[in-house]
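*Asks:* Provided herewith is a single structure, encoded as structure tokens, for subsequent inquiry.
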Amino acid sequence: MVPPLRRTGRQPNGNEIRLETARREANMIPDATGRKGRGQGEEEISRRSKIASRELGAGIERESTLREEGASPLSPHVTALEAPAPFLRAVEELGIEFEGAELSRLGLYLAHLLDTTRRFNLTAIRDPEQAWTRHILDSLSLFPLLVTQNAKRVADVGSGGGLPGLPLAILLPRTRFSLIEATGKKARFLAAVAERLALANVAVCEGRAEMLAHDRAVHRESYDAVLARAVGPLATLIELTAPFAKVGGLIVAIKGERAAAEVAAAKRALEALRLAVEKTRRTATGTLVILRKNQSTPRGFPRRPGEPAHNPLGVSRGPRVPKRKDRRGV
Ligand code: SAM
């Protein structure tokens, strides 16, 4: 059995972790039955969301607009799903002990994800028990890494329905998460569910990574860790994610069994983007490809929207250093 990870104080490896438990905050959040704790109310949720929007800075102007656009995509009568025993055992193996209302918030998030999927597609997995493992556990497999890295600012690129970003944001209230998503409908779902869960540490940034990554004031080279799951082959994914990471930061892709082959196929893209493979790590649900950014990303990356997917670096035509006309916003 792995000893539980502490979110405050000193970890066994000596890293100082400043991610304090938000027990007090957790008391203010609706529980699985929709009951509200001390001082809780719609006004309080909205006040905290506004503060979060101000604190998190940009992309966030768009975020506030997302919150105001039309009716919420969420059904009002959804209640939290209960976590099945195999999921709870697997989480324990990861060294995670849930605190406060974390588990019921995960259940409420999952309930909204599955409920909203009946109206528009956010996930192919409809079975709740499978979803606990394949979505929530898979996302939480990144938790130990973010804790030991003491990540304060994290981006989830191509967040879709909020995976892996939202489950991690629930467990790491002192880490600021930017969920980057190109599709408007999905971004609106993310903004609504983050608000419903009173996640003051989450900003939703609607837009393409190719554009947002050139925003030096807010996003470029600004994140301690950049995460992505199911956002294309590794060569594409690293061009979309690497520019967001600080020098010294991590890019972490959740991959499947073909991870090693993908790393080999992305060799030239890794070189062009100045990334080093730190390790690949098997988890209960997949494989983490952990990359370290030791140098600044060349200014022309990512290339224009669509290029990283249509013409992945070094895969079909060899690494192509972008021409001046491809550079934007720099
Ligand atoms: N990460 C989520 C998951 O694991 O369930 C969603 C995966 S989904 C297959 C890929 C998501 O990435 C889609 O929601 C898509 O809109 C988004 N996406 C693809 N390319 C993108 C880009 N260039 N910039 C931002 N989002 C992008």
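The values are calculated or read from the model by the stated rules, or taken from the named source; none is laboratory data. Since this is a predicted model, take the numbers as computed values, not measurements. All Cβ positions, glycine included, derive from the backbone under ideal geometry; neighbour counts span all protein chains shown.
*Asks:* For residues that are acidic (Asp, Glu) and touching a helix residue (DSSP H, G or I) at 6+ places or on another chain (Cβ under 6 Å), tally how many sit in the range 188-237.
*Replies:* 2
*Asks:* Another question, then. Among residues belonging to the range 74-122 that are among the aromatic types (Phe, Trp, Tyr) and at pLDDT 95 or above, point out the one that is surrounded by the fewest Cβ atoms within 10 Å (Cβ to Cβ).
*Replies:* PHE98
*Asks:* Look at the range 99-129 and say how many of its residues are assigned to a helix (DSSP H, G or I), more than 17 Å from SER75 (Cα to Cα) and either within 20 Å of the chain's Cα centre (by Cα) or of a type in the set (Phe, Trp, Tyr) (or both).
*Replies:* 3
*Asks:* With the checklist (1) within 15 Å of the ligand (Cβ to nearest atom); (2) outside any loop (DSSP other than H, G, I, E, B) in hand, flag the one item HIS214 doesn't pass.
*Replies:* For HIS214, the failing item is (2).
*Asks:* Evaluate the following for VAL154: is it hydrophobic (A, V, I, L, M, F, W, C) and under 30 Å from GLU97 (Cβ atoms)?
*Replies:* Against the criterion (hydrophobic (A, V, I, L, M, F, W, C) and under 30 Å from GLU97 (Cβ atoms)), VAL154 qualifies.
*Asks:* Taking the condition of being within 20 Å of TYR223 (Cα to Cα), exposed (fewer than 15 other Cβ atoms within 10 Å of the Cβ) and of a type in the set (A, V, I, L, M, F, W, C), how many residues in the range 246-276 meet it?
*Replies:* Number of matching residues: 2.
*Asks:* Further, regarding this structure: Suppose we filter ILE180, ILE170 for residues that are modelled with pLDDT of 95 or more, buried (at least 23 other Cβ atoms within 10 Å of the Cβ), away from the ligand (no atom under 11 Å from the Cβ) and not in a loop (DSSP other than H, G, I, E, B); which single one remains?
*Replies:* Only one candidate qualifies: ILE170.
*Asks:* Only one of these conditions is not met by ILE170: (1) in contact with a helix residue (DSSP H, G or I) (Cβ under 6 Å, 6 or more places away or on another chain); (2) aliphatic (A, V, I, L, M); (3) closer than 16 Å to ILE254 by Cβ; (4) touching a residue at least 60 places away in the same chain (Cβ under 8 Å). Which number is it?
*Replies:* (3)
*Asks:* Check off (1) away from the ligand (no atom under 15 Å from the Cβ); (2) farther than 18 Å from GLU181 by Cβ for PRO233 and give me the number that stays unchecked.
*Replies:* The one condition PRO233 does not meet is (1).
*Asks:* Tell me, yes or no, whether the range 204-215 has at least one residue that is in contact (Cβ under 8 Å) with a residue 24 or more places away in the chain and either aromatic (Phe, Trp, Tyr) or closer than 24 Å to ALA80 by Cβ (or both).
*Replies:* Initial filter on the range 204-215 (in contact (Cβ under 8 Å) with a residue 24 or more places away in the chain): 204-215.
Checking the rest, the ones that are also either aromatic (Phe, Trp, Tyr) or closer than 24 Å to ALA80 by Cβ (or both) come to 204.
Scanning the range 204-215, I find at least one residue that is in contact (Cβ under 8 Å) with a residue 24 or more places away in the chain and either aromatic (Phe, Trp, Tyr) or closer than 24 Å to ALA80 by Cβ (or both), so the answer is yes.
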